[in-house]
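Single-structure report; data block below.
The values are calculated or read from the model by the stated rules, or taken from the named source; none is laboratory data. If you're wondering where the values come from, they're calculated on a predicted model, not measured in any experiment. For neighbour counting, all protein chains shown are included, and Cβ atoms are generated from backbone atoms with ideal geometry for every residue, glycine included.
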Amino acid sequence: MRIGQAMALGPVGQIHVSVTDIDTSVAFYRDVLGIPLLFQVPSMPMAFFASGDVRLYLGVPESPEFRSKVVLYFTVTDIDAEYERLRDQHGLSFTGNPHVVHRDADGELWVTFTRDPDDHWIGLMQQRESSSAVA
């Protein structure tokens with residue numbers, strides 16, 4: 001399939017992230033990362049968050065075969081400021097400072113990584129103008 005062609009499936013609507021403690025994970029995604037909580041199901045260990053057009057579903061899997069291990073990449077408008085906020089205000093550790101992972105005619109892709117309470121990788125990513133194009 002080429003870019004621009006119609007998909008047989010619609011776009012991704014929801015991603016399940018397996019967690020071990022729903023309250024700890026809700027606090028992390030809502031209070032630390034700042035993702036809006038849509039709702040939490042009181043009778044089940046599950047919570048749903050609004051991440052743009054994709055809904056994040058945090059839940060304790062009913063059976064081991066549904067246990068997920070994911071890497072989530074979140075776009076940010078200022079990767080340096082968000083890195084400092086999460087590190088300084090919330091004590092998160094990162095794999096390193098934000099850095100360029102790709103350059104092309106459209107600019108530079110900057111990333112850095114941390115982890116959530118269940119050891120899932122959380123990537124911060126920002127598309128910037130190429131530093132050679134900035135005067």
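Let me confirm something: among Arg115, Arg85, which residue is closer than 25 Å to Gln14 by Cα and either crowded, with 17+ Cβ neighbours inside 10 Å or not β-branched (Val, Ile, Thr) (or both)? Outline the logic, then answer.
Working: Arg85 fails: closer than 25 Å to Gln14 by Cα.
After applying the criteria, what remains is Arg115.
Please verify whether segment 56-73 includes one or more residues that are of a type outside the set (A, V, I, L, M, F, W, C), in a loop (DSSP other than H, G, I, E, B) and modelled with pLDDT of 95 or more.
Looking through segment 56-73, none of the residues is of a type outside the set (A, V, I, L, M, F, W, C), in a loop (DSSP other than H, G, I, E, B) and modelled with pLDDT of 95 or more.
In contact (Cβ under 8 Å) with a residue 40 or more places away in the chain and not assigned by TED's automatic domain parsing to the domain that holds Trp121: which single residue out of Gly59, Gly52, Gly34 fits that description?
The unique qualifying residue is Gly59.
When segment 74-95 is examined, which residues are found to be over 17 Å from the mean Cα position of the chain (by Cα) and assigned to a loop (DSSP other than H, G, I, E, B)?
Gly91
Quick grid of which residues meet (1) among the charged types (D, E, K, R); (2) at pLDDT 95 or above; (3) in contact with a Gly (Cβ under 9 Å, 6 or more places away or on another chain):
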{"residue": "Gly52", "(1), (2), (3)": "no, no, no"}
{"residue": "Thr77", "(1), (2), (3)": "no, yes, no"}
{"residue": "Asp88", "(1), (2), (3)": "yes, yes, no"}
{"residue": "Val100", "(1), (2), (3)": "no, yes, no"}
{"residue": "Ala105", "(1), (2), (3)": "no, no, no"}
{"residue": "Gln127", "(1), (2), (3)": "no, yes, yes"}
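If Val111 meets every condition in (1) out of contact with any helix residue (DSSP H, G or I) (no Cβ under 9 Å at 6 or more places or on another chain); (2) part of a strand (DSSP E or B) apart from one, which number is that one?
(1)
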